[in-house]
Amino acid sequence: MADYDFDLFVIGAGSGGVRAGRLAAMTGAKVAVAEEYRVGGTCVIRGCVPKKFMVYASEVTSQLKTAKGYGWTIGEASFDWKSFIHDKDVEIARLSGMYVTNLQKAGAHLLHGRAQIIDAHTVEVLPKDGSDDAGTYTAKKILIATGGRPVKPDFPGAEHGFTSDEAFHLPKLPKSILIVGGGYIAVEFAGIFNGLGVQTTLLYRGANILRGFDDDVRAHLADELEKRGIKVVLGCSHQKIEKNDDGVLVSTLTNELTFETEAVMFATGRDPYVEGLGLEKVGVKLNDKGAIQVDEHSKTNVSSIWAVGDVTDRINLTPVAIREGAAFAQTEFYNNPTTFDHDCVASAVFSQPPVGSVGMTEAEARHAFGGADIYRSVFRPMKITFYGGQERCLVKLVVNPEDQKVVGVHVVGPDSPEIIQMAAVAVKMGVTKQQWDSTCAVHPTLAEELVTLREKYMPVEVGGIG
């Protein structure tokens, strides 16, 4: 038997890597975790967590409007960007420190530096900021959990824009911004900046935002964003960006429209972070999207190397990375072969209004089953009807017509991420529409709409007969 420095060497101290490393170390295994930036990964440092703080801050604008509608007299309100960023950074530092502490309590050895694979059992850690962790280490098993990185488009003037990584550390809040993209990050930051008083335009090259989500959800959210003052521009992209002498950025689009804004943010996707890992040296295979190819146990084609999280581009969500990391640890260090089921994973988009979704879209169900029973409702939530607000919610059930199982649930409206978490339990367990309907409503709530949908939705045919 070979003698290794570590039983497990984890590259990347994000959600998946930390969970796998900590669980492995708790068995008494010798574990090293290398991180080139800050412990906590994208989610904690420059993703889900700080973004949610920004969402909370930006929602105060609508809360003030609601307060006025309910008879409150609110004095002059103002927002201090620098103060918020400082307090956000303090909290992120605290959370990062907790990750470090949990790793160390479990017995893992934390290495500060960039790691690259030399061979199937050897990793080199490059020096970082004077760290004395640099060196070459051997390990029986290597786990790659390096996540993803924002993609920045390549066209004239693109260097004047920034990505979500920089959005968390802007020195000042711009007065106007053009956000490029139509996915989670783009629509979430559109709501954030708009809520903080920034004149916001959302630019997406596709026919509608949130590709991959149910079409009703996509259309409904786009309409609601417009109601909140966000200009949504679809079906075109940048030709170039030019910077005026006064610092204003002039974006020229493929449809010849131009927009002048103080800032341009790119939220045009994320790529698996495999650059410089040395995968080619050991022959680790990548898929056609440049992600590490793994089997159901997160194992690569090299017998001593595994990968979890966004670097594998399966489902790029923090809880998924955590579950993949836990399954790896259970299989390799607890003698308990475990896989994570990627089916029916719920997701939330913290847009304004937010989106909650689990299971199939209507289009996916029709393709899979040759048809679908649809139940949907669009309505004004009780809270805003009191003062005449015009925002509307959408709830939608997708049902397999053959066995009446609920295969998709989609919600757009207040608290939809909280609602979808519990709906996901029922969908995952294979609930039927009849069982779903047998649940008594909780009144008055938005969620009760989901269990009071009785009539199938029949779309109006445009230009048809009947």
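The residue that is modelled with the lowest pLDDT, counting only those in the stretch 134-162 that are of a type outside the set (A, V, I, L, M, F, W, C) and more than 32 Å from the chain's Cα centre (by Cα), is G135.
Residue-wise test of (1) farther than 30 Å from T331 by Cβ; (2) assigned to a helix (DSSP H, G or I).
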site	(1), (2)
R19	no, yes
T27	no, no
I45	no, yes
K51	yes, yes
T61	yes, yes
G71	yes, no
M98	no, yes
N102	no, yes
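Identify all residues within the stretch 401-434 that are among the aliphatic types (A, V, I, L, M) and under 11 Å from V355 (Cβ atoms); write none if there are none.
Of all residues in the stretch 401-434, those among the aliphatic types (A, V, I, L, M) come to 406-407, 409, 411-412, 419-420, 422-427, 429, 431.
Those that are among the aliphatic types (A, V, I, L, M) and under 11 Å from V355 (Cβ atoms): V411, V412, I419, I420.
Filtering the stretch 264-286 to residues that are open to solvent by 50 Å² or more (accessible area, probe 1.4 Å) and in a loop (DSSP other than H, G, I, E, B) leaves T268, E275, K285. Please verify whether V349 is open to solvent by less than 40 Å² (accessible area, probe 1.4 Å), within 13 Å of the chain's Cα centre (by Cα) and closer than 20 Å to R46 by Cα, treating the condition exactly as stated. Here the answer is yes, as V349 does meet what is asked. For the stretch 417-436, the candidate set comprises residues that are open to solvent by 40 Å² or more (accessible area, probe 1.4 Å) and part of a helix (DSSP H, G or I); within that set, the residue that is nearest to E362 (Cα to Cα) is K428.
Here are some conditions: (1) in contact with a helix residue (DSSP H, G or I) (Cβ under 6 Å, 6 or more places away or on another chain); (2) touching a residue at least 60 places away in the same chain (Cβ under 8 Å); (3) over 24 Å from V425 (Cβ atoms); (4) of a type outside the set (G, A, S). L277 meets all but one. Which one does it not meet? Of everything listed in (1) in contact with a helix residue (DSSP H, G or I) (Cβ under 6 Å, 6 or more places away or on another chain); (2) touching a residue at least 60 places away in the same chain (Cβ under 8 Å); (3) over 24 Å from V425 (Cβ atoms); (4) of a type outside the set (G, A, S), L277 misses just condition (1).
Given the criteria surrounded by 14 or more Cβ atoms within 10 Å (Cβ to Cβ), under 15 Å from G197 (Cβ atoms) and either in contact (Cβ under 8 Å) with a residue 40 or more places away in the chain or out of contact with any Leu (no Cβ under 9 Å at 6 or more places or on another chain) (or both), does S96 qualify? Step through it out loud before you land on a result.
Working: surrounded by 14 or more Cβ atoms within 10 Å (Cβ to Cβ): yes; under 15 Å from G197 (Cβ atoms): no; either in contact (Cβ under 8 Å) with a residue 40 or more places away in the chain or out of contact with any Leu (no Cβ under 9 Å at 6 or more places or on another chain) (or both): yes.
So S96 does not fit the description; no.
Restricted to the stretch 295-347, and to residues there that are among the hydrophobic types (A, V, I, L, M, F, W, C) and in a loop (DSSP other than H, G, I, E, B), the residue that is nearest to M429 (Cα to Cα) is C344. Of all residues in the stretch 348-394, those being not aromatic (F, W, Y) and not in a loop (DSSP other than H, G, I, E, B) number 25. Counting only residues that are open to solvent by 10 Å² or more (accessible area, probe 1.4 Å) and β-branched (V, I, T), the stretch 172-200 holds 2 of them.
Among the conditions (1) in contact with a Gly (Cβ under 9 Å, 6 or more places away or on another chain); (2) open to solvent by 80 Å² or more (accessible area, probe 1.4 Å); (3) not in a helix (DSSP H, G or I), the only one that V125 does not satisfy is (2).
Evaluation of I230 against the conditions (1) touching a helix residue (DSSP H, G or I) at 6+ places or on another chain (Cβ under 9 Å); (2) within 26 Å of A167 (Cβ to Cβ); (3) open to solvent by 10 Å² or more (accessible area, probe 1.4 Å) shows that the sole unmet condition is (3).
The values are calculated or read from the model by the stated rules, or taken from the named source; none is laboratory data. Since the model is a prediction, treat every value here as computed from it, not as a measurement. Cβ: placed from backbone, ideal geometry, glycine included. Neighbour counts: every protein chain shown. Please note that ligands, DNA and RNA were not included when accessible areas were found on the heavy atoms of the full protein model with its side chains. Shrake-Rupley method; radii C 1.70, N 1.55, O 1.52, S 1.80 Å.
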